[in-house]
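The values are calculated or read from the model by the stated rules, or taken from the named source; none is laboratory data. Keep in mind that this is a model prediction, so the values were computed, not measured. Because the Cβ atoms are built from the backbone with ideal geometry, glycine has one as well, and the counts that use them run over all protein chains shown.
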Amino acid sequence: MQSTTIAAQATAPGKGGIAIVRISGPEADPLLASVFCAAGLEGPFESHRMYYGHVMVHGAPLDEGMAVLMRSPRSYTREDVAEVHLHGGEFVVEQLLQALYSLGAQPAQPGEFTRRAFLNGRVDLGRAEAVMQMIAATGERAARAGLRGLQGGASAFVRRAQQQLMDILAGVAASLDYPDEIDEQQATLNLLPQTRALAHSLRAACDQRSARILESGLEVVICGRPNVGKSSLLNLLLGEERAIVTEEAGTTRDIIRGSVLLDGVRINFADTAGIRQSQQRVEQIGIRLAEKAMQGADLTLIVLDQGEPLIQDDLRILEMVRDLPHLVVLNKSDLPPAQGLPQGLLISAQTGEGLEALRKAIVAYAEHVGEGALTLERHMRLAARAADALEEAAAAMEKEEPLDLCAVHLHDALSVLGEVTGDNVTESLLDQVFSQFCVGK
């Protein structure tokens with residue numbers, strides 16, 4: 001694969017001020033010379049220098065632009081890489097790409113530039129995946145997690161685990177090679193706590209909830225009986241008129257959604273139908289959707305009317321969320337409080353009073369999101385498999401089984417961890433990982 005030269009648009013497709021076409025491979029230098037005429041340049045391109053000039057197609061100027069050649073190994077792929085910066089119109093980009101293809105370049109497959117960076121040893125597999133995590137980041141914390149991955153955070157954690165595991169295996173080998181000097185039973189007693197501690201460390205690094213919130217956001221559902229101000233609260237939180245607000249009860253029948261960024265975390269709000277006893281079929285469907293949304297939410301906001309005492313519908317809703325993460329929001333803070341209301345956050349969905357305190361309380365449910373060692377689903381799945389193998393080894397040690405049998409489980413764990421960093425990969429695994437990348441990255 002790496003004997004070919006590939007080309008693709010590296011920026012997002014569509015209209016824009018600037019588009020970048022990237023070329024990588026042994027023919028990057030002559031291909032750049034064929035499609036770009038640098039102003040005042042008489043000799044070869046100097047590496048890592050940006051040139052102004054004209055993009056040329058079939059000997060005729062296509063566009064003004066800039067170009068740079070980055071010679072191996074000081075490039076993204078550790079191959080010769082050229083980039084042409086031109087105006088971001090779909091026509092001119094397509095004309096340039098077709099010219100490159102006619103000159104022998106191959107269209108890059110999804111993630112092929114980063115795949116070459118991995119195969120050429122510039123990044124390990126964990127860092128390669130962090131590239132896509134960075135691109136897909138929708139908030140500050142997701143971007144920070146991606147940056148930690150790019151800087152080797154996940155890879156460093158896994159490599160430390162690999163080293164600890166190799167130390168355990170070294171202890172096993174020493175006991176097997178020198179039985180007269182090292183008692184196997186004593187060696188087992190020494191290795192057992194290390195094995196269990198490493199399994200625990202791998203499991204503690206896996207935070208499925210954190211990873212999901214980084215990828216798609218914190219799911220917050222707004223619930224309550226009709227006419228307590230749920231839709232007004234949604235509009236206030238979003239800063240726009242997303243939901244219809246009227247004095248008529250039961251206006252919201254379907255789930256209305258909207259997202260904002262709070263403290264670097266994407267918060268996905270969902271306004272639901274008012275929960276009450278109803279004979280209307282459409283409203284009943286909306287109420288069932290609301291109840292289902294509450295069960296799947298990271299956090300539920302239960303909105304109560306501060307000026308009215310609790311009724312049966314309120315009590316029913318509070319009972320439904322008793323064992324779920326929730327906040328009680330007392331709307332209409334300007335009214336005198338009714339008797340018997342639970343403790344909650346005072347807010348006025350009409351004036352915005354109490355909004356900042358509510359925002360802080362919501363963000364608190366996303367505390368420490370993205371700060372774990374592993375934040376990608378594939379990495380966590382592999383870490384869990386490695387922990388399973390380590391726990392099997394520990395169980396075998398407790399049963400005083402021979403250490404060479406315990407070592408089988410330890411080697412399984414080491415092999416699985418190698419799939420995170422790319423030390424132990426197959427072609428099909430690489431296809432699976434890089435197929436999720438966009439073309440041009």
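Here are the numbers for this structure:
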| read-out | value |
| --- | --- |
| Residue that is surrounded by the fewest Cβ atoms within 10 Å (Cβ to Cβ), among those in segment 26-39 that are in contact (Cβ under 8 Å) with a residue 60 or more places away in the chain and either of a type in the set (S, T, N, Q) or touching a strand residue (DSSP E or B) at 6+ places or on another chain (Cβ under 6 Å) (or both) | Ser34 |
| Among residues of segment 298-346, those that are aliphatic (A, V, I, L, M) and under 20 Å from Leu236 (Cα atoms), counted | 12 |
| Residues (at pLDDT below 85 and closer than 24 Å to Ser348 by Cβ) located in segment 318-334 | Val321, Ser333, Asp334 |
| Residue, nearest to Arg266 (Cα to Cα), within segment 208-236, restricted to residues that are among the charged types (D, E, K, R) and either part of a helix (DSSP H, G or I) or assigned by TED's automatic domain parsing to the domain that holds Ala389 (or both) | Glu215 |
| Any hit, segment 341-361, residues being under 21 Å from Leu214 (Cα atoms) and under 19 Å from the mean Cα position of the chain (by Cα) | no |
| Test result for Arg116, out of contact with any helix residue (DSSP H, G or I) (no Cβ under 9 Å at 6 or more places or on another chain), among the basic types (Lys, Arg) and surrounded by fewer than 15 Cβ atoms within 10 Å (Cβ to Cβ) | no |
| Tabulated pairs, segment 333-347, first part of a strand (DSSP E or B), second charged (D, E, K, R), C-beta under 7 angstrom, 6+ apart or interchain | Ile347/Glu353 |
| Residue count, segment 416-436 (criterion: surrounded by fewer than 17 Cβ atoms within 10 Å (Cβ to Cβ) and part of a helix (DSSP H, G or I)) | 5 |
| Meets criteria (surrounded by fewer than 21 Cβ atoms within 10 Å (Cβ to Cβ) and assigned to a helix (DSSP H, G or I)) for Asp180 | no |
